[in-house]
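Q: Would you mind keeping the following structure in view while I ask a few things?
The values are calculated or read from the model by the stated rules, or taken from the named source; none is laboratory data. Not measured: the values here are computed from a predicted model. Positions of Cβ are backbone-derived with ideal geometry, glycine not excepted, and every protein chain shown enters the neighbour counts.
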Amino acid sequence: MLFALPGLAADLDDVRSELAADIQAAQRALSSAQASISSERGALAERINSAQSRVLELRERAVAARRMADEETLSLQQIENRIEAWRDQSQFQGRLLAGFLNRARQRTLEQTIAADLQSDLAAFSEFLRSRESLLYPDWEARRLVLADGQLAEGEVLQLGPVQWFLQGGQAGLARQEQDMTRVALAFDASARSGVEGLRNTGSGTLTFDPTLSRALLLAEDKETLLQHLQSGGIWVIPILLFALFATTIALFKGLSLYRLPNLVPALAEQLEHALKEGEAATGKLFQKLRGPQAELVSTAVAAHQSAEQRDDRLYALLLEQRNALERWLGAIAMTASVSPLLGLLGTVSGMITTFKLMTLFGAGDANAVSAGISEALVTTELGLVVAIPALLAHALMSRKVKSYFARLENDAVHLSQLPLAGG
C-alpha cells in the first residue's frame, strides 16, 4: 500500500498536467474560435450593412421610378390631349383642302363639259353635213367587183341603203360588202337607160330592190335541181334508179289497166237469155264481149265437159287473169318501201360525214359541216318524194285491179251455175 501511493500520486500529477494541458489547449481553441467568430461577425456585419445600404438605395430608386412613372402618365395624358387637338386641326385643314379641290374639280369639269360640248357640236355638225350630202346624193368614183370577180373602176350613186353602179356599158344595183362595192344585179337595156339618163341629165327612172338585197341573196342562194341532187351524195343514185324503175312500171301498168276492155254487166243473165233465143242472139253477144269476159264465156259454153271440168277451167282462167292484172304491182310497192329506207341510210351516212367534219374543223364552222347535213337531209327528202307517189300509185292500181277482178270473179260464179251446153 505504501509503495502504491507514491505511484498513484505520480499518476495524479500526470493526469493533472494532462488536464491542464487539455484545458489550455481548449482555452486556446476557444480563443481562436472566438477570434474567428469575432472576425466573421465583423465581416457579416459589414455585409449586412452593405445589404441594408443596397436595400435603402433600391427603395430610393423605386420611389424615384414610381415618381417618374407618375410623371410619364401625366405626360401621356397631355400628349393624348395634344394629339386630339392636332387631329381636330388636321380634319379642319382636310375639309378646307377638300373644299378647295371640289371647287377646282368643278371648274375643271365645267371646262371639260364645255370642251366635250364643243366636240359634240362639231361632230353633230359633221353628221348633219354628211346627212345633207345623203339627201342630195351624187355620183362618186369607186372600185367595183364585177360579176366575174374582176376589179374595175366605176361610178356609184348611193341613196340610203340602195346603191346603183355605172361602169362602161353596164349599169345595175350594187351592194357594200365590208370595204368593197360588189355588183349585185346587172340591169337590162331598159333599166340601164334610166341609170344612164340620171347620170347624164340628172333625171331618170331608177329600178331598185324594195327588200334591200334580200331577194338578190335568195336568188343567188337558189340552186338548180341537179345541184340539189348532187348535194345528197352517192345514195341519191339508187333512190333515183328506184324512182325511174317505179315510174316506168307505173306508166306501163297504168296504160295496160286503162286499156282493159269494159266489162258487160249481168253477163250470165245475158248469156242465158241469148242461149234461149238462139245462135243469132248468141253470136251478137259474143261480138260485144272482149278480153277476159269472152274467155270466160267461151269456157263456160264449151261442149263435151262436165260441170267439174268447167268450174276448174273457170277457176284456172280467173287465176291467170289475176296474175296478169297484179303483175309488176309488187315492184311499185317495193319501191315505196325501199325508198324511205335508202333515204334513212343516206341520213345516217350524212350524219357520219358531219361528225367527221366537226372533229376536223370544229362545230363552229358551218360551211365545213354543211355538206354532211345536206347529204343527210336531201336523201331523206328524196326518199320520201319517191315513196309517196309510188305508194299512191300502188294503192290506186291495186284498187282498180281488185275491182276489175271482183267483177270477173262474180261473172265466173254466175256462169258456173248455168246449165251445160247440150244439157
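Q: Is there any pair linking a residue in the stretch 375-389 that is in contact (Cβ under 8 Å) with a residue 40 or more places away in the chain to one that is aromatic (F, W, Y), with Cβ under 8 Å and at least six apart or on different chains, and which?
A: E375/W235; T379/W235; V386/F242
Q: Checking R131 against (1) at pLDDT 80 or above; (2) of a type in the set (K, R); (3) within 30 Å of M180 (Cα to Cα): exactly one of these is not met. Which one?
A: The number of the failed condition is (1).
Q: Suppose we filter the stretch 193-203 for residues that are part of a loop (DSSP other than H, G, I, E, B) and among the polar types (S, T, N, Q); how many remain? Working first, answer last.
A: Start the filter on the stretch 193-203 by keeping residues that are part of a loop (DSSP other than H, G, I, E, B), which leaves 202-203.
Next, only the ones that are among the polar types (S, T, N, Q) stay: 203.
Adding up the residues that qualify gives 1.
Q: Can you work out which of the residues in the stretch 355-368 that are at pLDDT 65 or above and in contact with a helix residue (DSSP H, G or I) (Cβ under 6 Å, 6 or more places away or on another chain) is farthest from H228 (Cα to Cα)?
A: My answer is F361.
Q: Scanning for something assigned to a helix (DSSP H, G or I), of a type in the set (A, V, I, L, M, F, W, C), over 60 Å from the mean Cα position of the chain (by Cα) and modelled with pLDDT under 75, does the stretch 247-265 turn up at least one residue? I'd like the intermediate steps shown before the answer.
A: Going through the stretch 247-265, the residues assigned to a helix (DSSP H, G or I) turn out to be 247-258.
This time we only want the ones that are of a type in the set (A, V, I, L, M, F, W, C), so: 249-252, 255, 257.
Next, from what is left, pick out any that are over 60 Å from the mean Cα position of the chain (by Cα): none.
For the stretch 247-265, residues assigned to a helix (DSSP H, G or I), of a type in the set (A, V, I, L, M, F, W, C), over 60 Å from the mean Cα position of the chain (by Cα) and modelled with pLDDT under 75: absent.
Q: Hey, does the stretch 207-214 have a residue that's surrounded by 13 or more Cβ atoms within 10 Å (Cβ to Cβ) and either part of a helix (DSSP H, G or I) or at pLDDT 75 or above (or both)?
A: Checked against the condition, which is being surrounded by 13 or more Cβ atoms within 10 Å (Cβ to Cβ) and either part of a helix (DSSP H, G or I) or at pLDDT 75 or above (or both), the stretch 207-214 yields no hits at all.
Q: A further question follows. Determine which member of the set A243, A268, A281 is touching a helix residue (DSSP H, G or I) at 6+ places or on another chain (Cβ under 8 Å), surrounded by 11 or more Cβ atoms within 10 Å (Cβ to Cβ) and either at pLDDT 75 or above or of a type in the set (F, W, Y) (or both).
A: A243
Results for (1) assigned to a helix (DSSP H, G or I); (2) closer than 30 Å to L206 by Cβ; (3) among the basic types (K, R), shown as yes or no for each residue.
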{"residue": "A85", "(1), (2), (3)": "yes, no, no"}
{"residue": "G94", "(1), (2), (3)": "yes, no, no"}
{"residue": "A104", "(1), (2), (3)": "yes, no, no"}
{"residue": "A123", "(1), (2), (3)": "yes, no, no"}
{"residue": "R129", "(1), (2), (3)": "yes, yes, yes"}
{"residue": "G172", "(1), (2), (3)": "no, yes, no"}
{"residue": "L185", "(1), (2), (3)": "no, yes, no"}
{"residue": "A191", "(1), (2), (3)": "yes, yes, no"}
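Q: Is at least one residue of the stretch 297-305 in a helix (DSSP H, G or I), surrounded by fewer than 13 Cβ atoms within 10 Å (Cβ to Cβ) and at pLDDT 70 or above?
A: Taking the stretch 297-305 first, the residues in a helix (DSSP H, G or I) are 297-301.
Remaining after also requiring surrounded by fewer than 13 Cβ atoms within 10 Å (Cβ to Cβ): none.
No, the conditions are met nowhere in the stretch 297-305.
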